[in-house]
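Data first, discussion second: the structure below is written as structure tokens.
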Amino acid sequence: MDKLDKISFVVLVVLLVWIAALVVRQIEAPQLERQKPGGRIESGIYSNPEFDKKTDTARKLLAAGNLELAEQLVKALSADFPYEGTPRVLLADLYIRKQNPVAAMLEHKRGIELNPDFLDKKTALFQGKVIKRNLDDALIAIEEALQRNPADSVMLENKKTYNYLKRRIAGSCN
């Protein structure tokens, strides 16, 4: 062995010892739990009991067909929890039930931007199939509106949103 081989061997041994020390330190380190105000930590996911209760109530109202009360509750949730995507997805579901696919598409976009897990098939929040069906309906509504008025700037912007969401779905884990 020449001098370069000896130096490389020593460096390799030092790196392996350092990596082993880091692994042992990580295993022995106490897990620090951070808690947000008003919530609790459950298996690494932030959970707010008030938010969970209200979203469950909104889902039940939507399932029961009480759209007016569900809309009030979901809009209040969106205002109270502006950085949560779940109220946006619930509002999109409400708009789907009200036969307004373009508004539902816009709410899906807001929900996905707040929480991309709605497009990840590996999570419990996955909504990809619902979003795909909604996009198909929204495209029909957008194209009908554009046939009536090809210069409609709102519908042209909605067409861009449609294309954006199609790209997001194509790039997601679905």
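For segment 80-100, a tally of residues being part of a helix (DSSP H, G or I) and polar (S, T, N, Q) returns 1.
Once segment 97-110 is narrowed to residues that are in contact with a helix residue (DSSP H, G or I) (Cβ under 7 Å, 6 or more places away or on another chain) and without any contact (Cβ under 8 Å) to a residue 40 or more places away in the chain, the residue that is farthest from Leu61 (Cα to Cα) is Arg110. Pairs are defined by a Cβ separation below 8 Å, a sequence spacing of at least 6 or placement on different chains, a first member in segment 136-151 that is among the small types (Gly, Ala, Ser) and at pLDDT below 95, and a second member that is surrounded by 11 or more Cβ atoms within 10 Å (Cβ to Cβ) and not in a helix (DSSP H, G or I); the pairs so defined are Ala145/Asp152. Could you list, in sequence order, the residues of segment 124-135 that are without any contact (Cβ under 8 Å) to a residue 12 or more places away in the chain and closer than 11 Å to Met105 by Cα? Scanning segment 124-135 gives a single hit, Arg133. When the residues of segment 60-88 are narrowed to those that are touching a residue at least 24 places away in the same chain (Cβ under 8 Å) and within 17 Å of the chain's Cα centre (by Cα), which ends up farthest from Arg133 (Cα to Cα)? So, considering only residues that are touching a residue at least 24 places away in the same chain (Cβ under 8 Å) and within 17 Å of the chain's Cα centre (by Cα), the one farthest from Arg133 (Cα to Cα) is Phe81.
Criterion applied to Arg110, Arg59 was being closer than 27 Å to Gly171 by Cα, modelled with pLDDT under 95 and of a type in the set (Lys, Arg), and the one residue passing it is Arg110. Looking across Leu12, Leu22, Leu91, one residue alone is over 21 Å from the mean Cα position of the chain (by Cα) and at pLDDT 90 or above. It is Leu12.
The values are calculated or read from the model by the stated rules, or taken from the named source; none is laboratory data. Predicted model only: the values in this text are computed from it and were never measured. Neighbour counts are summed over all protein chains in view; Cβ atoms, including those assigned to glycine, are modelled from backbone coordinates with ideal geometry.
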